[in-house]
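Everything below concerns the one structure shown next.
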Amino acid sequence: MQIITLGNELLRQKAHPVKNIGPEYITLAEELVKALHAGNGIGLAGPQVGLHERIFVVHVQGDNPRIFINPSIIETSQEIVKFEEGCLSIPGIYTDVIRPNAIKIQAWNEQGRPFTMEASGIMARVILHEYDHLDGILFIDRIPEQKRNRILAKIEKSMAKQRA
Ligand SMILES: [Zn+2]
């Protein structure tokens, strides 16, 4: 699986709900986790590998990899926190993003079993970041415009350097 990066329009498309979670999703989940580990990331969403389905995987330290299919965020905390984020699709860029500190999510796993989960801290953070990918939203969309423009200019500069 190839991770696509900023500038590729596929990252901006809204992913479709999975209609039937068949046995092939076990293999698909394994491949997504493999790509996540290869990229040294903690979360990876379908659209990041050109797969337009509502699926993402999360693997934070001290936990097993978790698969979320057709997720819904059903609760978010009033408390919001600032935390530094990065993204496998925007390599080399890290910046603070403000998001709720805790969430409740409902989803299905790769075996087609529904589950509800409460998460806070880093786990809530990754889930919210990955969930955004399913709607074509990137973490740089959630920062102040001036900061975003600085980051985009920096990316443009490094891309120009690569072309030269
Ligand atoms: Zn990302």
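Quick notes on this one:
- Test result for I26, over 17 Å from I137 (Cα atoms) and surrounded by 14 or more Cβ atoms within 10 Å (Cβ to Cβ): yes
- Inter-residue pairs, beta-carbon under 6 Å, first over 15 Å from A107 (Cα atoms) and in the range 10-23, second in a loop (DSSP other than H, G, I, E, B) and of a type in the set (S, T, N, Q), 6+ apart: L11/S89
- Count of the range 102-129 residues which are farther than 28 Å from P23 by Cβ, aliphatic (A, V, I, L, M) and assigned to a strand (DSSP E or B): 2
- Filtering the range 43-70 to residues that are surrounded by fewer than 22 Cβ atoms within 10 Å (Cβ to Cβ), within 15 Å of the ligand (Cβ to nearest atom) and not in a helix (DSSP H, G or I) leaves G50, L51, H59, V60.
- Filtering the range 133-157 to residues that are within 16 Å of the ligand (Cβ to nearest atom) and either polar (S, T, N, Q) or in contact with a strand residue (DSSP E or B) (Cβ under 8 Å, 6 or more places away or on another chain) (or both) leaves H133, L134, F139, I140, R142, I143, I151.
- Only a single item in (1) more than 11 Å from the ligand (Cβ to nearest atom); (2) within 18 Å of V18 (Cα to Cα); (3) in contact with a strand residue (DSSP E or B) (Cβ under 9 Å, 6 or more places away or on another chain); (4) not in a loop (DSSP other than H, G, I, E, B) is not met by E31, and it is number (3).
- Counted residues, the range 31-42 - those being open to solvent by 70 Å² or more (accessible area, probe 1.4 Å) and in contact (Cβ under 8 Å) with a residue 40 or more places away in the chain: 1
- Scanning the range 87-101 for residues that are more than 14 Å from K154 (Cβ to Cβ) and assigned to a loop (DSSP other than H, G, I, E, B) turns up C87, L88, S89, N101.
- Among residues of the range 82-97 being open to solvent by less than 30 Å² (accessible area, probe 1.4 Å) and more than 18 Å from G39 (Cα to Cα), the one that is nearest to the ligand (Cβ to nearest atom) is V97.
- For the range 109-125, the tally of residues that are in contact (Cβ under 8 Å) with a residue 60 or more places away in the chain and farther than 18 Å from L51 by Cβ stands at 3.
- Being touching a Ser or Thr at 6+ places or on another chain (Cβ under 9 Å) and open to solvent by less than 30 Å² (accessible area, probe 1.4 Å) is a description that does not apply to L6.
- Within the option set D141, D132, being part of a helix (DSSP H, G or I), of a type in the set (D, E, K, R) and open to solvent by less than 30 Å² (accessible area, probe 1.4 Å) holds for one residue only, D132.
- One residue from E79, E110, E118 being surrounded by 18 or more Cβ atoms within 10 Å (Cβ to Cβ) and of a type in the set (D, E, K, R): E110
The values are calculated or read from the model by the stated rules, or taken from the named source; none is laboratory data. Just so you know, these numbers come straight off a predicted model, no measurement behind them. All Cβ positions, even for glycine, are placed from backbone atoms using ideal geometry, and neighbour counts span all protein chains on display. Side chains included, ligands, DNA and RNA excluded: accessible areas come from the protein's heavy atoms. Shrake-Rupley method; radii C 1.70, N 1.55, O 1.52, S 1.80 Å.
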